[in-house]
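The numbers here are math on the coordinates, done by the rules we state, and not lab data. Please read all numbers here as calculations on a predicted model, not as lab measurements. Neighbour counts run over all protein chains shown; Cβ positions are idealised from the backbone, glycine included.
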Amino acid sequence: MNFPASRRDRPSGLALCCDARLARGIAMRNYAAGAVLLGLLAGCSADWNSAETAGKVIASAKANNTDPRSANFATLPDRGELLAYAPDSAMRADRRAYEVRLSEAHAFKAAREGGRIVVPGPDGGTMVFTYRRHIEHADGNWTWIGRDAGGADAVITFGEKAVFGTLRQSDGEILRLTTLAGRAWLMRGDRIGAMGPRRNGRSDALTPQDEAAEAGRSQSESPGAHSAITMVAGDGPAATVDVLLGYTVGYARALGGESEAVTRLNNLIDVANQAYANSDVNAQLRLVGTVAVDYPDTTANADTLKRLTGSTERAFAGLRAARESHAADLVALVRSFRAPQNEGCGAAWLIGGGGAGFDVSRAPYGYAVVGDGADIDETDDLSYFCREESLAHEFGHSMGQAHDRDDSRQAGVHAYAYGYREPSNNGFYTVMAYALPDGDQIAIPYFASPHATYEDRPTGVMNEADNVRSMNQTIPIVAAFRTGDLDGAADPSAALAGQVRAPMQDAAPAVRSTD
């Protein structure tokens, strides 16, 4: 298939590119006249419901004949900061949500070597992130990526009608820029509270031998013989995994519409790729298409995954057909997180689990379900959220990776294909791992590797917890799930031989059309 050439960073012409894009953005994104509703979250705490909030915003706007979803976005002029708090969003320590106005112009100005994004924090402090790279997507969305002096990342995606981003702080707190029903919010996330595996005792990693999925598989997708993979010395090119993302109608409605949903999906891809870059995973995800799916957000993830993987569920027929037409190696259905109904933040097949083997015949299991956002669990009246790397986590299972050893019911494709958790009170857990049930470890955007460090501490253990070593072997095979080769290599096994861990270059990944 032919797609437009990727638009990588061009330092010499960056200022001109940004000026031209900024002029177009200002022309297209002038605010519509009309009242802007403020303060609907003035009294909110950590216990909030994103879907309910979105519904209130839309209903109130319609009552005042001003639908905020039609307003243009992020059009504040650059006054030296990325955002300004809305008048009713007074900074208070007990707040968890603040309505904000955003300046895309500020981000454009900072999209150059040495550029900086300045963010006034809700506690009165200031966060400063220095430019590392940016990504221009073919559909018009673009992402700014930077890092603060302490090594914490910022990944911010701008679209015509929405902005989504993650602003990490060195103390572990995560600030999230999100869009709900056409309005921008800065959300504070607790260090703990992410939905983990222990609340219901179930794992999000299903074994491919599951009978329900086998029964629903078409004969043309029957898996073949398994083959083992081994690690040998050498270098190989970075593998590109083509990804198709479905999103539910309810998910788009909560965010404000299809445009907003697609901006968020681009952000999730870029968050995953940044975790790869942080960890020296020699690969990237490439979003090749998005598909709206009319399916409820309130079903159990495992059941939904089985139905998505099978061939008999009519709701998923369009998504499955799009996988073939777009030659997508992996597919995920993204929807609004619902607790306790979803039973977690996602589900995926643990391909090659327990050393069962990993080859292109496992492509029929290249499906995942991902929850996004926050919700109140009616069973305990507490709020939970899905971490920003949930998509990367579920695709990690698709690449043969298990959780940390304590939270894994089955081994991954290799004896060392485990995530890593540093269990101390000021510890952390990697993308494939979980915090302790009563611990305060922080989530970090790294895959386990003894060679990658976070605050000068190793993020893995040699021969015991090394997702990166394993992924650099399995991802080239995943990249061949729907192309029949490994980015041009005629013989997948030949290309795999010699594949070792290689650092990601600090440059924008290729972008493929999302038609």
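Remark: 462, 399 ranked as 462, 399, counting other beta-carbon atoms within 10 Å and listing the fewest first. Ordering 464, 388, 258 from the fewest to the most neighbouring beta carbons within 10 Å gives 464, 258, 388. If R₀ is 25 angstrom, what is the calculated FRET efficiency for the pair residue 463 and residue 409, using the beta carbon separation as r and rounding to 0.05? E between residue 463 and residue 409, to the nearest 0.05, is 0.75. When each of the peptides 97-107, 415-425, 451-461 is scored by the mean number of other C-beta atoms lying within 10 Å of its residues, the order from highest to lowest reads 97-107, 415-425, 451-461. When you count the other C-beta atoms within 10 angstrom of each residue and take the mean per peptide, 473-481, 73-81 line up highest first as 473-481, 73-81. When 185, 144 are arranged by Cβ crowding within 10 Å, least crowded first, meaning fewest neighbours, the order is 185, 144. Note on residue 171 and residue 147: their simple-model spin labels are 2.3 nm apart, each label 7 Å out from Cα toward Cβ.
Checking the a/c ratio against 1.5 first, then a/b against b/c, what shape does the Cα gyration tensor give for segment 272-398? It comes out oblate by the Cα gyration axes.
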